[in-house]
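Participant: Provided herewith is a single structure, encoded as structure tokens, for subsequent inquiry.
The values are calculated or read from the model by the stated rules, or taken from the named source; none is laboratory data. If you're wondering where the values come from, they're calculated on a predicted model, not measured in any experiment. Using ideal geometry, Cβ is built from the backbone for each residue, glycine included, and neighbour counts are taken over all protein chains shown.
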Amino acid sequence: MSVEDENKSMVAYLFLEGKPLVLNYQLMENRLKRPRLTPAQRVEYDRQLRSEGGFLTVADNERDAPLLIHFRWDNDRYTLRVATPGKFYGYFLSMESILDARGEKTSTQNLMVLEKGEPTRFYLETVAPDLFRLRNVAKRSSASEGLLGGASSAYSVLKLVEDQLGEPTYFYKQEGRLRNDPQQYFSDTFLHAEHVMFWPNGVHLGLQVRGAGVLELSDVG
């Protein structure tokens, strides 16, 4: 690890219009603590906690605890890991295909946790001081120069493709199972659908740095 990689790595919070970004698991935990819940709300929040907890969303209140994220700098790009202790500690944040009701992958990719594999890497595009657009780039390649038999030209092509900027991260929300209780997602997919509200040019996110350096997370990628 280079000195630059260590110095540019950080732990930070992300915000959307003043509200912290959290995993849906945290959001449902907070909602289940409310003093007044209808039976339908309790059932739905518990269902999402158990089966849909792993995607990034927005907290209900500005005072809710944000998700702590480790931004690991490597070759001019970041790999994001969950640094908040708990169920998903150490997991990657990656653009991954969601599953439909039949359990089949769809073409839509959402920003969610990934335990292991090849996570999406990200680039922070500065919009204004402490305001950024999160752009996703190619996933880490499992190939290496050694595996390519020393073909440095082929390896260079792979690295070039890997470091190309992708589309901005989009934010959208759509009707949930409960009235006036939409689900909110971050995606790399430009959606054209009824009842979906989105930012077509990529969402602007606030960034609050909490510390610098590399955390000793269990490195599985």
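Participant: Keeping to the range 1-19, report how many residues are closer than 15 Å to Phe55 by Cβ and crowded, with 19+ Cβ neighbours inside 10 Å.
Facilitator: Narrowing the range 1-19 to residues closer than 15 Å to Phe55 by Cβ: 14, 16.
When the remaining residues are screened for being crowded, with 19+ Cβ neighbours inside 10 Å, the result is 14.
Of the residues in the range 1-19, 1 are closer than 15 Å to Phe55 by Cβ and crowded, with 19+ Cβ neighbours inside 10 Å.
Results for (1) surrounded by 14 or more Cβ atoms within 10 Å (Cβ to Cβ); (2) closer than 26 Å to Leu207 by Cα; (3) touching a helix residue (DSSP H, G or I) at 6+ places or on another chain (Cβ under 7 Å); (4) not β-branched (Val, Ile, Thr), shown as yes or no for each residue.
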| residue | (1), (2), (3), (4) |
| --- | --- |
| Ala40 | no, no, no, yes |
| Asp64 | yes, yes, yes, yes |
| Ala83 | yes, yes, no, yes |
| Met95 | yes, yes, no, yes |
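Participant: Here is a follow-up. Condition test on Leu134, is it over 24 Å from Lys87 (Cα atoms), of a type outside the set (Asp, Glu) and modelled with pLDDT under 90?
Facilitator: Numbers: over 24 Å from Lys87 (Cα atoms): yes; of a type outside the set (Asp, Glu): yes; modelled with pLDDT under 90: no.
Considered against the rule, which asks whether it is over 24 Å from Lys87 (Cα atoms), of a type outside the set (Asp, Glu) and modelled with pLDDT under 90, Leu134 comes out as no.
Participant: In the range 74-81, is there at least one residue being β-branched (Val, Ile, Thr), at negative phi and touching a residue at least 12 places away in the same chain (Cβ under 8 Å)?
Facilitator: Residues of the range 74-81 β-branched (Val, Ile, Thr): 79.
With the extra rule that they be at negative phi, the set shrinks to 79.
Next cut, touching a residue at least 12 places away in the same chain (Cβ under 8 Å) only: 79.
Among the residues of the range 74-81, at least one is β-branched (Val, Ile, Thr), at negative phi and touching a residue at least 12 places away in the same chain (Cβ under 8 Å), which makes the answer yes.
Participant: Which residues, taken from the range 1-24, are closer than 18 Å to Val82 by Cβ and polar (S, T, N, Q)?
Facilitator: From the range 1-24, those closer than 18 Å to Val82 by Cβ are 9-16, 20-24; that's our starting set.
Correct list: Ser9, Asn24.
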